[in-house]
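Visitor: I have a structure here, written as structure tokens, and I will follow up with some questions on it.
The values are calculated or read from the model by the stated rules, or taken from the named source; none is laboratory data. Only a predicted model underlies this, so the values are computations on that prediction, with no experimental measurement involved. Cβ: placed from backbone, ideal geometry, glycine included. Neighbour counts: every protein chain shown.
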Amino acid sequence: MRLQLLIWHSFGTISPDSVPAQTRVVPLLRGRSPVLIGPGSPSTSGASTRTRNSAGAMDYVLQPVQPSHFAGVAGWLDSPEATLRWAGPGVPFPLPAEAFAAALALPSRPGWTLQDADGTCLGFGQYWQTTPGSMHLGRIIVSPQARGRGLGRELMTALCAEALRSSAAVQLTLKVYRDNQAAVALYRDLGFVASEDASTPELLFMACRTT
């Protein structure tokens, strides 16, 4: 049975993946996007952080979301319940492309896409500042057609890295449904620690210090 990895308020979903254990969240040089990632060993070049596979080719790139992506990302949601869990209350289902930016508070909450070498959009996520020094991750989702390939970890790794590069954040936070054990395990593996004081019976608050 396929589990789903879900973040809230934050509100976000990552599809469960066969995640490569060698990928980790790491602080990056501050600079401009894109962030290029993949399952190989990391190296840095200028303001980007790149990882390459065994053949030396770059596998994925994190790029700012564009209006051309809105309909595709919205189309990954298959029900009002899925939309609520991903985006939170007040976001309609179906989510029209023309309402996407306003519903997700773009660009004040930057949206990013995970793309392959052909420019195909495989995932989406956002981050925003909640308090000075703290960035919150949310509305994370992987295309249904791309699930099961480890892209949940790839997307989280790239999004965390970009949030650090674009700000002076010393902490990243998220909220996850407690019943999504695969999600909780992934976030813990990426360095996030649960805080019961800030959690609810349904949602677990997790934070990762970056210093």
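Visitor: Tell me, which residue of segment 113-165 that is β-branched (V, I, T) and in a strand (DSSP E or B) is surrounded by the fewest Cβ atoms within 10 Å (Cβ to Cβ)?
Guide: T131
Visitor: Please identify the pairs in which a residue from segment 171-182 that is of a type in the set (D, E) has its Cβ atom under 9 Å from the Cβ atom of a residue that is buried (at least 23 other Cβ atoms within 10 Å of the Cβ), counting only partners at least 6 apart or on another chain.
Guide: Partner pairs satisfying both residue conditions: D179/L6.
Visitor: Does segment 166-211 hold any residues that are assigned to a strand (DSSP E or B) and of a type in the set (V, I, T), and which are they? Spell out how you get there, then give the answer.
Guide: Taking segment 166-211 and keeping what is assigned to a strand (DSSP E or B), we get 171-177, 193-195, 203-209.
If the condition is that a residue be assigned to a strand (DSSP E or B) and of a type in the set (V, I, T), then T173, V176, V193 are the ones that fit.
Visitor: Go through (1) surrounded by fewer than 17 Cβ atoms within 10 Å (Cβ to Cβ); (2) modelled with pLDDT under 50; (3) in contact with a strand residue (DSSP E or B) (Cβ under 9 Å, 6 or more places away or on another chain); (4) assigned to a loop (DSSP other than H, G, I, E, B) one by one and return the number of the condition G40 breaks.
Guide: (1)
Visitor: Oh, and also: Could you check segment 76-96 and list, in sequence order, the residues that are modelled with pLDDT of 95 or more and in contact with a Ser or Thr (Cβ under 9 Å, 6 or more places away or on another chain)?
Guide: W76, L77, V91, P92, F93, P94, L95
Visitor: Could you check K175 against (1) in contact with a helix residue (DSSP H, G or I) (Cβ under 9 Å, 6 or more places away or on another chain); (2) modelled with pLDDT of 95 or more and say which number it fails?
Guide: So the condition that K175 fails would be (2).
Visitor: So in segment 70-107, with the set limited to residues that are of a type in the set (G, A, S) and under 23 Å from L203 (Cβ atoms), which one is surrounded by the fewest Cβ atoms within 10 Å (Cβ to Cβ)?
Guide: G90
Visitor: If you don't mind, another one. P80 versus (1) more than 27 Å from C208 (Cβ to Cβ); (2) in contact (Cβ under 8 Å) with a residue 24 or more places away in the chain; (3) not hydrophobic (A, V, I, L, M, F, W, C): which is the lone unmet condition?
Guide: Only one criterion in (1) more than 27 Å from C208 (Cβ to Cβ); (2) in contact (Cβ under 8 Å) with a residue 24 or more places away in the chain; (3) not hydrophobic (A, V, I, L, M, F, W, C) is unmet by P80, namely (2).
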